Amino acid sequence: MTAPAETPTARLVVHRTGREEASRYEVPYTPGQSVLDGLRYVRANLDPSLAIRHSCINANTCKECMIRIDGTVGYACTARLEPREMELRPLPNKTGLRDLVTEIGPPDERLDHAVARSGGGGRED
Amino acid sequence: MAEPLVELETDVLVVGSGAAGMAAALSAAEAGARVLLADRSLVGRSGATVMAQMTVAVALGSEQPDHWEHHLADTIAAGRGLCDADLAEIVCREGPEEIRRLDGWKVGWARHEDGRIRQAQAPGHDRPRCVYVDFLSTGPAVAKTLRGRVLRQETVTRVGDLYVADLPVRDGTVRGAVGFSMADGRPVAIAAGAVVLATGGLTRLYRRNSASANMGGDGHALALRAGAELMDMEFVQFFPIGHLAPRLVGMDPIMWDPFRYKLGGRLLNAEGREFVNDYGNEEGAVYNVTRDKATHAILSEVQAGRGSPAGGAFLSFEHVPEARLREAFGPVIDRLAKNGIDLTRMAVEVAPIAHYHMGGVRVDAAMETRVPGLFVAGETVAGANGANRLSGNAITEALVFGRRAGESAARRAEAAGRARPAGSETLELIRGSSPAAELNLAGAIAELQALMAEQVGPFRTAEGLEQALAGIAALRRALGERPPGAPGPYDLGRLDWFDLRSMLLVAEAVTTAALARRESRGAHQRDDFPLMDDAAWRLHQTLSLKDGALALGRAPVQAPRAADIEEVA
Ligand SMILES: Cc1cc2nc3c(=O)[nH]c(=O)nc-3n(C[C@H](O)[C@H](O)[C@H](O)COP(=O)(O)OP(=O)(O)OC[C@H]3O[C@@H](n4cnc5c(N)ncnc54)[C@H](O)[C@@H]3O)c2cc1C
Ligand code: FES
């Protein structure tokens with residue numbers, strides 16, 4: 001294997017909820033990295049306004065990072081970053097909150113549900 | 001226009017929904033309280049619990065006779081003289097009951113064919129004591145089982161994506177919490193008769209960590225600001241053989257421990273030689289060197305120039321036949337293959353990684369802090385593990401302390417009567433608008449993590465710790481007084497601001513305590529004070545906020561009762 005002349009990059013085209021135009025980012029590529037690694041690089045180095053949802057980063061246990069990657073739904077933390085252009089979009093069938101983040105919490109674990117319950121009677125003093 | 005305030009009311013508010021938070025919610029509900037279980041992310045899926053792949057330590061005695069006192073003796077020995085013996089005893093004594101309770105709820109502990117629960121022997125334990133769910137599924141199974149029970153409790157209301165930012169105090173008592181909804185930025189005020197903090201650990205402070213994004217020490221910062229004391233903050237546990245290279249996705253970096261104790265992996269330096277015993281350890285056929293000592297050995301080897309290319313050690317299973325690998329780890333072997341890792345043919349590289357925090361909030365045996373109404377559970381509690389934690393003790397601790405804290409909080413809430421809201425200055429920060437940030441706050445968090453890793457990691461010096469304090473102060477100035485932008489849906493820039501605010505306070509607490517402790521003990525290793533000094537330092541350091549600044553204090557160590565020790569002997 002010969003070493004590449006230039007450091008290869010992954011070019012992320014991110015379609016963001018609430019914005020007409022996609023944002024384009026170029027991130028350094030190292031083999032084995034995940035798409036989430038790339039997005040976290042973007043936030044820390046290029047554009048902190050980019051919203052992506054995740055908790056666990058590596059373990060693939062929180063299941064929060066699901067997005068569309070080149071048209072296919074998958075976890076950003078297990079999909080590999082590749083040294084080419086990659087298209088990222090939020091999940092198609094969920095309400096978009098911001099950028100790549102969609103509403104994924106179960107309805108009965110959202111704030112309005114708690115408000116409804118809190119209002120409806122409680123313990124008598 | 002400012003968003004209207006969302007107001008909620010409950011008997012017991014539980015902040016955080018890992019094992020500790022869910023256990024607390026369940027026991028508080030069983031005691032008759034209405035519970036609000038809030039998490040900054042998804043309920044039951046966002047902290048360390050769901051990521052724990054390995055084991056839970058309890059004296060069940062299903063492999064060979066055991067007693068909780070033996071477990072306590074091992075816990076106290078690993079704690080290097082700093083365990084609070086009362087808290088450690090609670091964990092060891094009540095652990096088996098929690099494990100049986102989960103068994104009754106069908107968590108799926110791995111069993112022998114004759115029905116006995118399997119127990120593995122992890123480092124630092126004198127006998128097989130660690131239960132688990134195959135394959136590497138302990139944490140997910142525990143979290144799922146607890147979540148299933150919480151779902152059945154009519155009196156527990158669950159709210160995800162609710163970031164708790166402050167705990168208002170009135171007349172010296174905690175009255176609830178304020179925060180905001182991640183989904184839309186709405187400000188939220190919760191009136192509660194009692195609050196249980198179960199926010200987990202703080203290892204996100206470090207660059208290489210096994211943490212989730214929600215583990216930046218929020219609970220420590222919340223407790224400090226509410227007037228509680230922190231204790232043993234200098235003791236951050238590094239997991240010695242965290243995965244380093246090649247890049248592995250879809251698996252947490254701390255997965256190699258069970259491989260080692262099931263299959264006996266070999267830890268090698270760049271010369272291909274086993275080196276752990278060069279550092280005064282006596283590891284034979286059984287993998288038994290505790291985490292603080294293994295971390296020390298690996299990093300010393302790297303410093304001596306005999307590290308692996310990526311800066312760690314090699315871990316090799318090349319001597320283990322493929323059939324045995326597959327028998328022990330089934331589908332995990334396929335996941336490794338997808339990452340290009342074939343253990344029969346190659347060694348992986350491992351290095352210490354920030355993993356757990358022994359310190360935390362100071363509590364009594366009822367899990368109450370010095371601020372009435374404020375209870376703590378799980379990893380956020382200080383004391384049970386002293387200066388170094390035994391493998392498998394953290395989930396036991398989360399379950400046991402969670403149950404206790406929930407019961408205590410329910411009692412407290414009942415005595416307090418109906419909760420009324422209290423004001424908080426933080427609400428202004430939550431509701432206010434400011435210009436966009438000039439500083440990249442996500443980048444600033446990465447900078448703090450690098451600083452902590454370099455200067456406040458496994459090896460420390462006065463000079464480095466002072467540099468860290470200066471760096472923390474500089475970042476705090478750059479952070480400014482108000483979060484950038486305006487309330488809105490899933491605004492990570494604003495969240496970064498709140499996160500960095502807490503992380504800086506907690507990082508300062510860790511660093512201040514580390515600088516003051518002029519000795520080496522357990523997970524706290526000072527290059528400039530390499531020896532343990534029992535005469536001067538067998539004590540806890542405490543931290544509290546006085547006029548907005550951190551103040552150090554000291555507290556004696558609660559020693560084990562002589563009777564306990566004698567019975568064991
Ligand atoms: C990868 C990994 C593997 C581990 N393996 C083991 C093991 O095998 N055995 C063992 O005994 N221990 C293990 N540990 C340690 C153990 O998992 C933890 O100590 C334990 O699970 C902590 O439980 P907890 O309930 O206290 O906190 P967590 O499970 O971390 O839960 C804390 C919760 O609080 C929430 N939260 C935090 N801040 C806020 C806020 N401001 N507002 C609202 N919610 C908030 C978080 O989102 C999170 O859901 C492991 C840890 C890690 C990271
Ligand atoms: S980040 Fe948790 S599953 Fe992807």
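Worth pointing out:
- The number of residues in the stretch B:6-38 that are surrounded by fewer than 23 Cβ atoms within 10 Å (Cβ to Cβ), among the hydrophobic types (A, V, I, L, M, F, W, C) and within 11 Å of chain A (Cβ to nearest Cβ) comes to 1.
- Of all the listed residues (B:395, B:353), the sole one being closer than 26 Å to residue A:56 by Cα, more than 16 Å from ligand 2 (Cβ to nearest atom), β-branched (Val, Ile, Thr) and in contact with a Lys or Arg (Cβ under 7 Å, 6 or more places away or on another chain) is B:353.
- Scope the stretch B:499-550; condition within 14 Å of another protein chain (Cβ to nearest Cβ) and either without any contact (Cβ under 8 Å) to a residue 60 or more places away in the chain or more than 19 Å from the chain's Cα centre (by Cα) (or both); matching residues: B:500
- Scanning the stretch B:1-44 for residues that are part of a loop (DSSP other than H, G, I, E, B) and either touching a Pro at 6+ places or on another chain (Cβ under 9 Å) or farther than 22 Å from residue B:216 by Cα (or both) returns B:1, B:2, B:3, B:4, B:5, B:31, B:32, B:33, B:34, B:42, B:43.
- Residue ID - farthest from residue A:36 (Cα to Cα), chosen from residues in the stretch B:230-277 that are acidic (Asp, Glu) and in contact with a helix residue (DSSP H, G or I) (Cβ under 7 Å, 6 or more places away or on another chain): B:234
- In the stretch A:58-73, residue nearest to ligand 1 (Cβ to nearest atom) [restricted to those that are within 28 Å of residue B:355 (Cβ to Cβ) and more than 7 Å from chain B (Cβ to nearest Cβ)]: A:65
- Subset of the stretch A:19-43 [closer than 23 Å to residue A:103 by Cβ and within 12 Å of another protein chain (Cβ to nearest Cβ)]: A:35, A:36, A:39, A:40, A:42, A:43
- Residue match in the stretch B:491-499 (condition: crowded, with 20+ Cβ neighbours inside 10 Å and in a loop (DSSP other than H, G, I, E, B)): yes
- Scanning the stretch A:44-57 for residues that are in a loop (DSSP other than H, G, I, E, B) and either more than 7 Å from chain B (Cβ to nearest Cβ) or not polar (S, T, N, Q) (or both) turns up A:47, A:48, A:50, A:51, A:52, A:53, A:54, A:56, A:57.
- Residue within the stretch A:85-105 that is more than 15 Å from ligand 2 (Cβ to nearest atom), among the acidic types (Asp, Glu) and part of a loop (DSSP other than H, G, I, E, B) present: yes
- Test: residue in the stretch A:71-81 that is assigned to a loop (DSSP other than H, G, I, E, B) and away from ligand 2 (no atom under 15 Å from the Cβ): yes
- Candidates B:218, B:161, B:184, B:171 - the one that is modelled with pLDDT under 95 and of a type in the set (D, E, K, R): B:171
- Residue in the stretch B:434-454 that is within 14 Å of chain A (Cβ to nearest Cβ), within 30 Å of residue B:294 (Cα to Cα), under 26 Å from the mean Cα position of the chain (by Cα) and β-branched (Val, Ile, Thr) present: yes
- Extreme residue, farthest from the other protein chains (Cβ to nearest Cβ), among residues of the stretch B:39-54 that are among the polar types (S, T, N, Q) and within 16 Å of the chain's Cα centre (by Cα): B:49
- Residues satisfying the stated conditions in the stretch A:26-48, i.e. in contact (Cβ under 8 Å) with a residue 24 or more places away in the chain and surrounded by 18 or more Cβ atoms within 10 Å (Cβ to Cβ): A:27, A:29, A:33, A:34, A:35, A:36, A:37, A:38, A:39, A:42
- Whichever residue in the stretch B:533-560 is in a strand (DSSP E or B) and of a type in the set (D, E, K, R) and, among such residues, is farthest from residue B:225 (Cα to Cα): B:554
- Residue within the stretch A:83-91 that is within 12 Å of chain B (Cβ to nearest Cβ), in contact (Cβ under 8 Å) with a residue 60 or more places away in the chain and touching a Leu at 6+ places or on another chain (Cβ under 6 Å) present: yes
- Wholly within the stretch B:163-270, strands (runs of 3 or more DSSP E) carrying at least 1 residues that are within 14 Å of chain A (Cβ to nearest Cβ) and closer than 30 Å to residue A:114 by Cβ: B:176-181, B:187-197
- Hey, residue B:422 more than 16 Å from ligand 2 (Cβ to nearest atom), crowded, with 24+ Cβ neighbours inside 10 Å and either in a strand (DSSP E or B) or of a type outside the set (Lys, Arg) (or both) or not: no
- For the stretch B:137-151, a residue qualifies if it is within 13 Å of chain A (Cβ to nearest Cβ) and at pLDDT 95 or above, and the qualifying residues are B:138, B:139, B:140, B:141, B:142, B:143, B:144, B:147, B:150, B:151.
Listed here are the residues, each with its yes/no results for (1) in contact with an Asp or Glu (Cβ under 9 Å, 6 or more places away or on another chain); (2) free of Cβ contacts under 8 Å to residues at least 24 places away in the same chain; (3) part of a loop (DSSP other than H, G, I, E, B).
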| position | (1), (2), (3) |
| --- | --- |
| B:390 | yes, no, yes |
| B:396 | yes, no, no |
| B:412 | yes, no, no |
| B:437 | yes, no, yes |
| B:450 | no, no, no |
| B:457 | no, no, yes |
| B:472 | yes, no, no |
| B:475 | yes, no, no |
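- Here residue B:511 meets each of (1) at pLDDT 95 or above; (2) out of contact with any helix residue (DSSP H, G or I) (no Cβ under 6 Å at 6 or more places or on another chain); (3) not basic (Lys, Arg) with one exception, condition (2).
The values are calculated or read from the model by the stated rules, or taken from the named source; none is laboratory data. Quantities reported herein were computed from a predicted structural model and do not represent experimental measurements. Using ideal geometry, Cβ is built from the backbone for each residue, glycine included, and neighbour counts are taken over all protein chains shown.
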